[in-house]
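Notes for the one structure printed next.
The values are calculated or read from the model by the stated rules, or taken from the named source; none is laboratory data. Because the structure is predicted, anything quoted here is derived from the model rather than measured. No Cβ is skipped: glycine too gets one built from the backbone with ideal geometry, and neighbour counts run over all protein chains shown.
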Amino acid sequence: MTSVYDRILRLRRFLSRRKIDAFLISHPDNRRYLSGFSPVDHSITEPSGFLLILRQGTSKLLTDFRYQIQAERDAAGFDIVLYKRGLLQLLKKILPQLGVNSLAFEANYILHSKYIELSKLGSTLGLRLVPLDHTIEQMRLIKTTHELDLMERSLSLNEAVFQQVLPSIIPGLTERQIAQMIENTMHQMGAERPSFNTIVASGPNSALPHAEPGERKLQAGEPIIIDMGVVLSGYCSDMTRTIVLGTPDQQTISLFRLVRQAQLAGLSALRPGVMAKDVDHAARTVIVNAGYGANFGHSLGHGVGLAVHESPSLNARNRKTLRPGMVVTVEPGVYIRGWGGIRLENMAVVTKAGHRVLNQDLTFLEL
């Protein structure tokens, strides 16, 4: 099991190689990964705290009074430092005390206005500012055995929620009612929260890959896409099921089988040493050859971990090579304007021998 200490040590080696004194971590998922500090930010303009990872010495968790007790509980090994007049005022005070002459920051997760303020602070203190992109995200790419166990528990809970709610999905209920039922059940069964806003899209609405549940009432015989995920112990799951209430027509059955065939083709290509784009191509070719290439417009899948969407992306442009320990979704779909859509999504981990599907509940695939 990789500990927070090991992650900090690895990051300190990186800072030493780059001759950087400290790294300011602002992204909430990266904060949790490196410290265990777990509050969810209300928005990027209202963060619950920052990490100041020092190349030498005890690293700091910078927060305010609201999160002091939680910080002390979650972030063992960190000095908890409270700011009363905002982050920049605190940095202005403590960076010289800590001997920080060069400061890295997450360039991919900072508002332009905050960057201007940070630049002014750098000029005042004579700091060398070092913008870094996705440095911690690259550390998070390969999941440990412990992380995989947490993700499988998250996915198992997600599947249990689906099975709990499924018998209650009947014609006449609205998409919004079903989505609320799913998310209420998530909380009742122990999830921290949904990993994203649950999608329930019925009939023609299911042709919208990211439809928002509305007041449309479910009808028998039409495709209904349910895309759902939970967060458990910080780790996300993501799963899509397409169901039909009553008897599906032949078009639905044919498209369902086509999408499942594409999913299996993508999974067959999922193994170490393969470029991400080739996995996308393997699944997409099945749909293209059936004449529905224009009806599959999104990427085949994405990474999952502390964030529900993270690297690697399985898309037609990604030439990055897959490695054991990467967790991805495989979710082909076919969407027909005015009729509806079919999408099937499972999660899988790349292994030394190929891949392993993490889902247990596959009975829905008998259609």
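The single condition from (1) in contact with a Cys (Cβ under 9 Å, 6 or more places away or on another chain); (2) part of a strand (DSSP E or B); (3) not basic (Lys, Arg) that ALA201 fails is (1). Only a single item in (1) more than 23 Å from the chain's Cα centre (by Cα); (2) assigned to a loop (DSSP other than H, G, I, E, B); (3) not acidic (Asp, Glu) is not met by GLN251, and it is number (2). Is there any pair linking a residue in segment 105-129 that is in the same structural domain as LEU51 (by TED's automatic domain parsing) to one that is in a helix (DSSP H, G or I) and among the basic types (Lys, Arg), with Cβ under 9 Å and at least six apart or on different chains, and which? Filtered contacts from segment 105-129: LEU121/LYS92; THR124/LYS92; LEU125/LYS92. Does GLY273 satisfy being modelled with pLDDT under 95 and over 27 Å from SER156 (Cβ atoms)? Here the answer is no, as GLY273 does not meet what is asked. Residues of segment 182-201 that are within 27 Å of GLY338 (Cα to Cα) and either among the charged types (D, E, K, R) or touching a strand residue (DSSP E or B) at 6+ places or on another chain (Cβ under 9 Å) (or both): ILE182, PHE196, THR198, ILE199, VAL200, ALA201.
Every residue, every condition in (1) closer than 30 Å to PRO167 by Cα; (2) in a loop (DSSP other than H, G, I, E, B), yes or no:
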position: ALA211; (1), (2): yes, yes
position: GLY214; (1), (2): yes, yes
position: ASP227; (1), (2): yes, no
position: ARG260; (1), (2): yes, no
position: GLY266; (1), (2): no, no
position: ARG284; (1), (2): no, no
position: ALA307; (1), (2): yes, yes
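Mind telling me which of the residues GLY325, GLY333 ends up being at positive phi and buried (at least 17 other Cβ atoms within 10 Å of the Cβ)? Walk me through it before giving the result.
On the way: GLY333 fails: at positive phi.
When all the criteria are applied, what remains is GLY325.
If the condition is being free of Cβ contacts under 8 Å to residues at least 60 places away in the same chain and within 23 Å of THR198 (Cβ to Cβ), then segment 310-348 contributes SER313, LEU314, VAL328.
When segment 105-158 is limited to residues that are of a type in the set (Val, Ile, Thr) and under 20 Å from LEU322 (Cα atoms), the one that is farthest from the chain's Cα centre (by Cα) turns out to be THR145. Somewhere in segment 294-314, is a residue over 26 Å from GLN138 (Cα atoms) and out of contact with any Pro (no Cβ under 9 Å at 6 or more places or on another chain)? Checked segment 294-314: at least one residue is over 26 Å from GLN138 (Cα atoms) and out of contact with any Pro (no Cβ under 9 Å at 6 or more places or on another chain). Scanning segment 320-335 for residues that are within 20 Å of ARG260 (Cα to Cα), touching a helix residue (DSSP H, G or I) at 6+ places or on another chain (Cβ under 6 Å) and assigned to a loop (DSSP other than H, G, I, E, B) returns a single hit, PRO332.
So, in segment 234-248, exactly how many residues are in a loop (DSSP other than H, G, I, E, B) and surrounded by 22 or more Cβ atoms within 10 Å (Cβ to Cβ)? Steps first, answer last, please.
Keep residues of segment 234-248 that are in a loop (DSSP other than H, G, I, E, B), which gives 234, 237-238, 245-248.
Applying the additional criterion that residues be surrounded by 22 or more Cβ atoms within 10 Å (Cβ to Cβ) yields 237-238.
Matching residues across segment 234-248 total 2.
What number of residues in segment 172-199 are surrounded by 20 or more Cβ atoms within 10 Å (Cβ to Cβ) and over 18 Å from SER156 (Cβ atoms)? Please lay out each step first, then the result.
Pass one, segment 172-199, residues surrounded by 20 or more Cβ atoms within 10 Å (Cβ to Cβ): 175, 178-179, 182, 186, 191, 194-195, 198-199.
With the extra rule that they be over 18 Å from SER156 (Cβ atoms), the set shrinks to 175, 178-179, 199.
Within segment 172-199, residues that are surrounded by 20 or more Cβ atoms within 10 Å (Cβ to Cβ) and over 18 Å from SER156 (Cβ atoms) number 4.
Of all the criteria given as (1) within 21 Å of ALA307 (Cβ to Cβ); (2) touching a residue at least 24 places away in the same chain (Cβ under 8 Å); (3) not aromatic (Phe, Trp, Tyr), the one not satisfied by LEU95 is (1).
Note on segment 214-233: residues that are buried (at least 16 other Cβ atoms within 10 Å of the Cβ), over 26 Å from the mean Cα position of the chain (by Cα) and aliphatic (A, V, I, L, M) amount to 1.
Is it the case, given these coordinates, that SER202 is surrounded by fewer than 19 Cβ atoms within 10 Å (Cβ to Cβ) and in contact (Cβ under 8 Å) with a residue 12 or more places away in the chain? Spell out the reasoning first.
Details: surrounded by fewer than 19 Cβ atoms within 10 Å (Cβ to Cβ): no; in contact (Cβ under 8 Å) with a residue 12 or more places away in the chain: yes.
When the stated conditions are applied, SER202 does not pass them.
Considered as a group, the residues in segment 336-356 that are out of contact with any Leu (no Cβ under 7 Å at 6 or more places or on another chain) and assigned to a strand (DSSP E or B) include one that is nearest to LEU322 (Cα to Cα), and that residue is ARG356. The listed residues are THR363, THR351, and the only one of them that is at pLDDT below 95 and either surrounded by fewer than 19 Cβ atoms within 10 Å (Cβ to Cβ) or over 24 Å from PRO248 (Cβ atoms) (or both) turns out to be THR363.
Are any residues in segment 126-141 outside any loop (DSSP other than H, G, I, E, B) and out of contact with any strand residue (DSSP E or B) (no Cβ under 9 Å at 6 or more places or on another chain), and if so, which ones?
To start, the set of residues in segment 126-141 that are outside any loop (DSSP other than H, G, I, E, B) comprises 128-132, 135-139.
Selection gives MET139 alone.
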